[in-house]
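What follows is calculated from the coordinates using simple rules that are stated; it is not laboratory data. Predicted model only: the values in this text are computed from it and were never measured. When we count neighbours, we look across all protein chains shown, and the Cβ atoms used for this are built from the backbone with ideal geometry, even at glycine.
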Amino acid sequence: MRIIILGPPGSGKGTRAKIIGKLYGIPVITTGDLLRESVNQGTDQGRTVKTYIERGELVPDEIVIGIVENKLKKENLRKGFILDGFPRNITQAEALDKILRNNGVELDFVLYVKAEPETIVKRLSLRRSCPKCGAIYHLKDKPPKNDEMCDECGSRLLQRSDDREEVILHRLEIYEESTRPILELYLNQGKVREISGEMEMNKIPDAVRMVLEG
Ligand code: AP5
Ligand code: MG
């Protein structure tokens, strides 16, 4: 299965991507995580990326497209993938289209995660993420077993630097301006399946199965 997960910041893309990856045994490619890794490596590119992420702006297309292209080269595209956070504008959607065409494969679905801005702002302030393995928690709705330590790998959890209210609001604006237009594009191709970003966590696996298989 080849899927894009699309939706506003904090709608629950990463949470769903991990669930779908486990359900179907397919790799998840999260551009936000890949970019944060490049920041942690402290390269020149990482320093550039950091300035965009901290302001809640999109990282320049040539950087992101290059990173995704490299990552996809290492995967068996016929077996499938889940792209979380890419594409995010028309240029990136066209670049993905070209990569898939060159490899003779097509997208199956675009899973659109719908959530209201009020939910998003409330949620992101309580999100904690594992800087090592990328696991995602919520201090109230999906708390770690041990105080702010990752259940999966034991690392100390962090609050992302772009999860401050003013940056969250800017990320929402950028989503409306740049990313929502690609939802229209995929709607016209008949590939979009919608899933609520607001249901209880334990209902997500069944909802995903229904949307993708039903
Ligand atoms: P990225 O890391 O992709 O961030 P985002 O799109 O803003 O989305 P988030 O990761 O914040 O939220 P999410 O939808 O994954 O929600 P989550 O599952 O964590 O991108 C960050 C930055 O990188 C961008 O701003 C940009 O600078 C750059 N970037 C990335 N891709 C790029 C690209 N293609 N081009 C250019 N720049 C790019 O859930 C949120 C919280 O809610 C969690 O705490 C979770 O536990 C909780 N939660 C989820 N579902 C539920 C539920 N059902 N009930 C209760 N709580 C829930
Ligand atoms: Mg995410």
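A few remarks follow.
- Derived scalar couplings between HN and Hα for the range 207-212 equal 5, 4, 4, 5, 5, 8 Hz in order, rounded to whole Hz, by the Karplus curve 6.51 cos²θ - 1.76 cosθ + 1.60 (θ = phi - 60°), x for Gly and Pro.
- Coil-residue GluC sites (Glu not before Pro) of the range 77-150, DSSP, other Cβ within 10 Å capped at 14: Glu106, Glu148
- Rounded to the nearest 20 debye, the dipole size of the chain about its Cα centre is 700 debye, using +1 on the Cβ of Lys and Arg and -1 on the Cβ of Asp and Glu.
- The chain - Rg and Dmax from Cα coordinates, angstrom: 16.5, 47
- Pairs of Cα atoms farther than 19 Å apart, the range 116-210, %: 57 percent
- Separation of the alpha carbons by more than 29 angstrom is noted, of Lys50/Lys79; Lys122/Lys203; Lys50/Lys132; Lys22/Lys142, for Lys50/Lys79.
- On full extension, the segment bounded by Cys153 and Arg47 gains 35.5 nm, given 0.36 nm per residue less the C-alpha separation.
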